[in-house]
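Student: My questions will all concern the structure given below.
The values are calculated or read from the model by the stated rules, or taken from the named source; none is laboratory data. Note that the structure is predicted; figures quoted are calculated from it, not measured. Here the Cβ positions follow ideal geometry from the backbone for every residue, glycine too, while neighbour counts run over all protein chains shown.
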Amino acid sequence: VDAGMPADALLVDPGFGFGKTIEHNLQLLRDLDRIAMMGVPVLVGLSRKSMIGALLDRPVDERLHASVALALLAAQKGAAIVRVHDVGPTVDALRIWEAVDRRESDRERNIDG
C-alpha cells in the first residue's frame with residue numbers, strides 16, 4: 001500500500017506446500033484464522049497437495065475427499081479464495097456449510113434479538 005498499490009488489489013497466499021514441512025503446513029492451517037484477521041483476503045491452494053499424500057498415504061488421484069475437507073476447513077478459518085482442482089465437489093461442500101452456518105446465524109439472531 002505504501003508503494004502505491006491499492007489495498008483492494010492485495011491478497012495473502014501463505015504458500016501451502018512451498019518449502020514447508022508437513023508440520024509447517026498444519027500449523028499454517030491451524031493459524032489461518034489469525035492470518036485472515038489481517039484484513040486482506042486470504043487465498044489457499046491445498047488441493048491434491050503432497051502433504052495429503054504423506055498424511056494419508058494416497059496417490060494424487062485419490063486425494064479428492066481430503067482436498068475437499070481442507071478447502072472447507074480453510075473457508076471456515078477465513079480463507080476468501082480456495083484454489084482447487086475438483087470444483088464441483090468443493091462447491092457442493094461449501095454450499096452445504098454456508099447453508100448450515102447461515103441458519104445457525106439466523107437462529108442465534110432470533111435468540112439474541
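Student: Could you say which residue among ALA71, ALA80, ALA93 is surrounded by 14 or more Cβ atoms within 10 Å (Cβ to Cβ), among the aliphatic types (A, V, I, L, M), over 18 Å from PHE16 (Cα atoms) and in contact with a Leu (Cβ under 9 Å, 6 or more places away or on another chain)?
Tutor: Values: ALA71 fails: over 18 Å from PHE16 (Cα atoms); ALA80 fails: over 18 Å from PHE16 (Cα atoms).
Testing whether each residue is surrounded by 14 or more Cβ atoms within 10 Å (Cβ to Cβ), among the aliphatic types (A, V, I, L, M), over 18 Å from PHE16 (Cα atoms) and in contact with a Leu (Cβ under 9 Å, 6 or more places away or on another chain) leaves just ALA93.
Student: A follow-up question, please. Within the range 86-112, which residues are within 21 Å of PRO41 (Cβ to Cβ) and in contact with a Ser or Thr (Cβ under 9 Å, 6 or more places away or on another chain)?
Tutor: Within the range 86-112, just THR90 meets the criteria.
Student: Right, ARG48: in contact with a His (Cβ under 8 Å, 6 or more places away or on another chain), closer than 20 Å to HIS85 by Cβ and not in a helix (DSSP H, G or I) or not?
Tutor: So ARG48 fits the description; yes.
Student: Let me ask another. Please identify the pairs in which a residue from the range 13-24 that is modelled with pLDDT under 95 has its Cβ atom under 9 Å from the Cβ atom of a residue that is part of a loop (DSSP other than H, G, I, E, B) and not acidic (Asp, Glu), counting only partners at least 6 apart or on another chain.
Tutor: Final answer for the pair search is GLY17/LEU46; GLY17/LYS49.
Student: Can you tell me which residues in the range 42-65 are under 11 Å from the mean Cα position of the chain (by Cα) and either surrounded by fewer than 13 Cβ atoms within 10 Å (Cβ to Cβ) or closer than 24 Å to MET5 by Cβ (or both)? Steps first, answer last, please.
Tutor: Pass one, the range 42-65, residues under 11 Å from the mean Cα position of the chain (by Cα): 42-47.
Once the filter is applied, which keeps residues that are under 11 Å from the mean Cα position of the chain (by Cα) and either surrounded by fewer than 13 Cβ atoms within 10 Å (Cβ to Cβ) or closer than 24 Å to MET5 by Cβ (or both), the range 42-65 yields VAL42, LEU43, VAL44, GLY45.
Student: State whether the residues of the range 28-41 include one that is in contact with a Ser or Thr (Cβ under 7 Å, 6 or more places away or on another chain) and either modelled with pLDDT of 95 or more or in a helix (DSSP H, G or I) (or both).
Tutor: Going residue by residue through the range 28-41, those that are in contact with a Ser or Thr (Cβ under 7 Å, 6 or more places away or on another chain) are none.
No, because not a single residue in the range 28-41 is in contact with a Ser or Thr (Cβ under 7 Å, 6 or more places away or on another chain) and either modelled with pLDDT of 95 or more or in a helix (DSSP H, G or I) (or both).
Student: Kindly list, by first and then second residue, each pair from a residue in the range 52-65 that is more than 14 Å from PRO89 (Cα to Cα) to a residue that is part of a loop (DSSP other than H, G, I, E, B) and modelled with pLDDT of 95 or more, limited to pairs with Cβ atoms under 7 Å and residues at least 6 apart or on different chains.
Tutor: From residues that are more than 14 Å from PRO89 (Cα to Cα), the pairs are ILE52/ARG58; ILE52/ARG63; GLY53/PRO59; GLY53/ARG63; VAL60/ARG48.
Student: If you check LYS49 against the conditions, is it touching a Phe, Trp or Tyr at 6+ places or on another chain (Cβ under 7 Å) and more than 15 Å from LYS77 (Cβ to Cβ)?
Tutor: Considered against the rule, which asks whether it is touching a Phe, Trp or Tyr at 6+ places or on another chain (Cβ under 7 Å) and more than 15 Å from LYS77 (Cβ to Cβ), LYS49 comes out as yes.
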